[in-house]
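Q: Here it is: the structure, laid out below.
The values are calculated or read from the model by the stated rules, or taken from the named source; none is laboratory data. All figures in this text were calculated on a predicted structure; none of them were measured in a lab. Counting neighbours? That spans all protein chains shown, and the Cβs are built from the backbone with ideal geometry, glycine included. Note: accessible area is taken over every heavy atom of the protein model, side chains too, but ligands, DNA and RNA are not part of it. Shrake-Rupley method; radii C 1.70, N 1.55, O 1.52, S 1.80 Å.
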Amino acid sequence: MEFKLIIKKLNNTLSKEEGIAFSEWYEESTAHQDYFKRVKDNYQRDGNNTDVQKGWLRLQKQLKTRRLTKSYYKYAAVAVVVISIAANFILNETPANITQPEIVNNNTIQIGTDKAILTLEDGSVVALEKGNNYQTQNANSNGEELIYKVNNTRSKQTVYNYLTIPRGGQFFIKLSDGTQVWLNSESQLKFPVSFIEGETREVELVYGEAYFDVSPSTEHKGSTFKVVNKYQEIEVLGTEFNMKAYKDDANIYTTLVEGKVSINAASTNKILKPSQQANLNLNNSAMEVSTVDTYNETSWKDGVFSFRRKSLEEIMKVLSRWYDMDVEFANQDLKSAGFNGVLGKDQNLKDILNSIKNFKVIEDYEIIDKTVFLK
């Protein structure tokens, strides 16, 4: 289903045929219903002074809209996602004559995809990617997800595997206790092949970003679940949360979606409530807690990057991981340029850059091999 049908639904302008298509999509899953609610909430909050339908039609003329393919996340409800710069950009007239930037050399920047490297207990590695099946007595993968069999053992020996997601990749893993983990680009997770029955279930986010949907302790004889990192430890009883701890960031962000978590870092302990985010500053070990829009912090797992009040530098850092490319700013002032945007992870990078240029956030850009130069 096309995203514009959602907007037409909000404006009560669906035709009979479109209404049937929307209803079929809406009733298909609770994920679709949740997604529609989020769009409706954002539409009501941000669209009071904005003609969204007019903005959509104007954007359509600038973008080659495309279908968002069904991702392994199963939660991706949107069929078309286009960049949606802040309302004041949408309402402004765009230039009549849009010139395309010159692309030199070979453009080897590709859209990210499902891929990972699994490192087994003996040190051997297995490349996981779409089209390649992998199976052992403990796990199986179709190249888009990795599923470990339920096998809580009485053994006191824990065997660990590592799942490494490269730049330009993403992956889903279901641990042997039923906990689901979505891993973002440039991330690594250390986890046991099976958990010891009755003992704390512990995994390590070595680096990167992961979304955890934790199997509740009530299903595991009360055993708690911990996510550790060399800088902090998160203890949960059964919850959903996002943790971002990239190697090149000076902060670790933990965002609670549901349930309750306790975060220990250095001499600091914080208990988060839903919709709260803990920001651990690695330079001084200070931790601050604030209320955030959890969808903006976790939409990456649904096939969408949702940015609100983010600088161009922050946005390009996220995109560089997904598209596995480098970014250079010819004008350093561009780094602080701020705007809101919603980006489909299946969009071609050139479409995104052209949109940013058309809205005069940048004057031009150039792609040389795998480096983007913003001017």
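Q: Please report the accessible area of Thr200 (heavy atoms, 1.4 Å probe, ligands and nucleic acids excluded) in Å², nearest 10.
A: Probe radius 1.4 Å; accessible area of Thr200 about 70 Å².
Q: Name the shape class, rounded, prolate or oblate, that the alpha-carbon gyration tensor gives for the range 145-199, where a ≥ b ≥ c are the square roots of its eigenvalues, rounded holds for a/c under 1.5, and otherwise prolate holds if a/b is larger than b/c and oblate otherwise.
A: The shape class here is prolate.
Q: Points 7 angstrom from Cα along the Cβ direction at Asn331 and Asn133: gap in nanometres?
A: 5.5 nm
Q: What FRET efficiency, computed as 1/(1 + (r/R0)^6) with R0 = 56 Å and r the Cβ-Cβ distance, is obtained for Glu313 and Asn142, rounded to the nearest 0.05?
A: Computed FRET efficiency for Glu313 and Asn142: 0.90.
Q: Would you tell me the accessible area of Lys273, worked out with a 1.4 angstrom probe on the heavy atoms of the protein chains, in Å² to the nearest 10?
A: 140 Å²
Q: In whole angstrom, note down how far apart the Cα centers of the range 191-235 and the range 279-308 are.
A: 20 Å
Q: How many nm is it between the label spots at Glu199 and Asp249, if each spot is 7 Å from the Cα in line with the beta carbon?
A: 3.1 nm
Q: Also: When only C-alpha pairs under 8 Å and at least 6 residues apart count, what is the relative contact order of the range 223-375, in percent? The partial results should precede the final answer.
A: Details: 267 pairs, mean separation 21.7, N = 153.
Once divided by the residue count of the range 223-375, the mean separation gives 14 percent.
Q: Please give the solvent-accessible surface of Lys370 in Å², to the nearest 10, using a probe radius of 1.4 Å with every protein chain present.
A: Number for this one is 70 Å².
Q: Less than 30 Å apart at the alpha-carbon level, and either on another chain or at least 8 residues along: which lysines does that give for Lys375?
A: In chain and number order, the partners are Lys54, Lys61, Lys64, Lys244, Lys247, Lys310, Lys317, Lys335, Lys345, Lys350, Lys357, Lys360.
Q: Rounded, prolate or oblate for the range 243-298? Axes are the square roots of the Cα gyration tensor eigenvalues, ordered a ≥ b ≥ c, and the cut-off for rounded is a/c under 1.5.
A: It is oblate, given that a/c is not under 1.5 and a/b is not larger than b/c.
Q: Straight-line reach only, C-alpha to C-alpha below 19 angstrom: list the aspartates and glutamates that Lys230 could link to, leaving out same-chain residues fewer than 8 apart.
A: Glu186, Glu202, Glu204, Glu209, Asp248, Asp249, Glu288
Q: Same structure again: With a ≥ b ≥ c the root eigenvalues of the C-alpha gyration tensor of the range 334-375, is it rounded (a/c under 1.5), prolate (a/b larger than b/c) or oblate?
A: Oblate is the answer for the range 334-375, as a/c is 1.5 or above yet b/c matches or exceeds a/b.
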